[in-house]
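These notes are about the structure you will find just below.
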Amino acid sequence: MKKDQVNIFALGGLDEIGKNMYGIQYKDEIIIIDSGLKFPEEDMPGIDLIIPDVSYLVENLSKVKGIFLTHGHEDHIGGLPYILKQIQVPLYGEKLTLGLVRAKLEEHGLLRSSKLIPFSNQDTVKFNHLSVSCFRTNHSIPDSIGIVVRTPEGPVVHTGDFKFDFSPPGHGTDYAKLAALGEEGVLALLSDSTNSERSGYTGSEQKVGASLIEVFQKAEGRILFATFASNVYRLQQVVEAATHHDRKIAVFGRSMEKVFQIGQELGYIRLPKGMLVEGDQINRIPDDKLVIICTGSQGESMAVLARIARGAHRQIQLNPGDTVVFSSSPIPGNALNVNRIIDQLFRMGADVIYGKSFDIHASGHGSQEDMKLMLQFLKPKYFIPIHGEYRMLAKHREIAAEVGVPLENSFLMENGDVLHLTQKEGYVGDKIPSGALLVDGHGIGDVGNIVLRDRMKLSDDGLIVIVTTIDMKNFKVLSGPDVISRGFIFVRESADLIKETEAKIKALMEDLMNQKVRSWSNIKSQIIDTVAPFIYKKIQRRPMIIPIIMEVNEEDIRSNNQERSTNIL
């Protein structure tokens, strides 16, 4: 890092949706913004989630002053339980954000060792060279903020996830602060690019509230409402629509229950007394007087809605005439799973409301006109589009050029790139360690590309295990070879292929024993080199082949058999 320059980098969030984590470094101080996760792609079987590689921060731990959180969505706070095991630093955030983080850390046994510091738009945290403040924004969750890092070269602004909602359900955007920052002169702007391909302004949450009342009015049976658990504004709108139509509410799904509890404690979810009912009471309430709020809007296989659609939920069985509402847009990669569940719900006789049939979802991310307005407010010298896949970042760069940011002052970066800035110049120079750590159960980073490749191979063509026992002292094959197949062929219908394969291996093993080959690795590699092309020639498949060789001394076997016979007599 250049000590007399402002250094900006991303450990996640560039050329991807999720895993947001950005750093601003000046001399011996590093400010981190967000610490999110990303959900696995289709080519990552068995992986639970993906977090940023923070090895650079581990190496420079004494310089890291804290992690400042823009809001409480998983792609911004979900990595904390794993990252705090590697770097213990203070966490700064608004009330609801810290409430969600607190519950997450408690679940992982990290709450006692973590330092959570309330941080609002009235606060400024000062360090030797840098100071950090924030401003309110509008998003799909309360207490969303943008971050301002003041450096000797000028302010660096991170918008967080934002849109300009002119009739917001909660606090409005700090327009005065944005205008004041623009007048002060912003050195660099890091801005949300998620909806850069969408023209116009993003719609207001208020429209969703009106649409929900209409949906509730038409529904004759129960209403099952699925959305992101952290979409607290939407949850409050469901409460208001249910109140308007005199319906009780039941909440299902661990994450949904947790957010509902935290939202009530902090005053963001307000229910009339007696409106919320326990799950075991729902069958005592008339269908036209009940709303079930549940997880599963993204098609997650183990979420509540997916289990209902399979008929596998312990307490909820779908009835013909129930109305199911999907109040979210599928995250890229989830559309297939969502559509599959929608089909299952239709088959069970439900009325399913999804997509654009009603205004039942409003994005929390600004569209092109929102982005232009943010750029016009802040008038940055340098611009870095963040939070999006590459085409989104590139489009945002074009939008910035339309409102006067020179193309040479806009930087399309990758995770790990370091942007060096002063008032006089800006350029991408150094590269720091970055990438993705895969979380599989309790394992963090112990699954790499080789393991994933093996898993994909197993899922594509299955497995053949070849078992044989040899006497290496006398160079004899004592038993086998036996061929065991899993996920490759149905053995009963492929007996001839199995026999041919066994005969091929038997001939090879006899030849190797005649040559007195002692190396196990050599024997195994020759088995693979013989079987793989033979199998491919027969049925054009490439299963994973695992030879298992057991070594036994034939004389010891005879001795043991004689001793056993004597004991029996």
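For region 147-157, the criterion of being outside any strand (DSSP E or B) and within 24 Å of Tyr92 (Cα to Cα) is met by at least one residue. Restricting the first member to region 102-122 and to residues that are without any contact (Cβ under 8 Å) to a residue 24 or more places away in the chain, and the second to residues that are in a loop (DSSP other than H, G, I, E, B), the beta-carbon pairs closer than 7 Å and six or more apart or on different chains are Arg102/Leu111.
In this structure, Val405 does not satisfy being on the phi < 0 side of the Ramachandran plot and either within 22 Å of the chain's Cα centre (by Cα) or assigned to a strand (DSSP E or B) (or both). The set of residues in region 288-313 that are closer than 13 Å to Leu224 by Cα and loosely packed, with under 15 Cβ neighbours inside 10 Å comprises Asp288, Lys289. Residues of region 1-13 that are among the aliphatic types (A, V, I, L, M) and modelled with pLDDT of 95 or more: Val6, Ile8, Ala10, Leu11.
Rundown of residues vs (1) buried (at least 21 other Cβ atoms within 10 Å of the Cβ); (2) at pLDDT 95 or above, yes/no style:
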residue: Ile147; (1), (2): yes, yes
residue: Asp165; (1), (2): yes, no
residue: Gly170; (1), (2): no, no
residue: Asp174; (1), (2): no, yes
residue: Ala179; (1), (2): no, yes
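Looking only at region 201-237, residues that are touching a residue at least 60 places away in the same chain (Cβ under 8 Å), of a type in the set (A, V, I, L, M, F, W, C), under 23 Å from Asp75 (Cβ atoms) and part of a helix (DSSP H, G or I) come to 2 in all.
Scanning region 116-141 for residues being under 17 Å from His71 (Cα atoms), assigned to a loop (DSSP other than H, G, I, E, B) and out of contact with any Asp or Glu (no Cβ under 8 Å at 6 or more places or on another chain) gives a total of 3.
For region 199-221, a residue qualifies if it is crowded, with 18+ Cβ neighbours inside 10 Å and either among the aliphatic types (A, V, I, L, M) or modelled with pLDDT of 95 or more (or both), and the qualifying residues are Val208, Leu212, Val215, Ala219. Considered as a group, the residues in region 158-193 that are in a loop (DSSP other than H, G, I, E, B) and hydroxyl-bearing (Ser, Thr, Tyr) include one that is farthest from Tyr390 (Cα to Cα), and that residue is Ser167.
Going residue by residue through region 273-290, is there one that turns out to be more than 16 Å from Ile342 (Cβ to Cβ), outside any helix (DSSP H, G or I), hydrophobic (A, V, I, L, M, F, W, C) and free of Cβ contacts under 8 Å to residues at least 24 places away in the same chain? The answer is no, given that none of the residues of region 273-290 is more than 16 Å from Ile342 (Cβ to Cβ), outside any helix (DSSP H, G or I), hydrophobic (A, V, I, L, M, F, W, C) and free of Cβ contacts under 8 Å to residues at least 24 places away in the same chain.
Residues that are touching a strand residue (DSSP E or B) at 6+ places or on another chain (Cβ under 9 Å), touching a residue at least 24 places away in the same chain (Cβ under 8 Å) and assigned to a helix (DSSP H, G or I) within region 511-550 comprise Met513, Trp520, Ile523, Lys524, Ile527, Val531, Ile535, listed in sequence order.
Number of residues in region 147-186 that are under 20 Å from Met371 (Cβ atoms), touching a Leu at 6+ places or on another chain (Cβ under 8 Å) and among the small types (Gly, Ala, Ser) equals 1.
The values are calculated or read from the model by the stated rules, or taken from the named source; none is laboratory data. Only a predicted model underlies this, so the values are computations on that prediction, with no experimental measurement involved. Cβ sites come from the backbone with ideal geometry, for glycine too, and all protein chains shown count toward neighbours.
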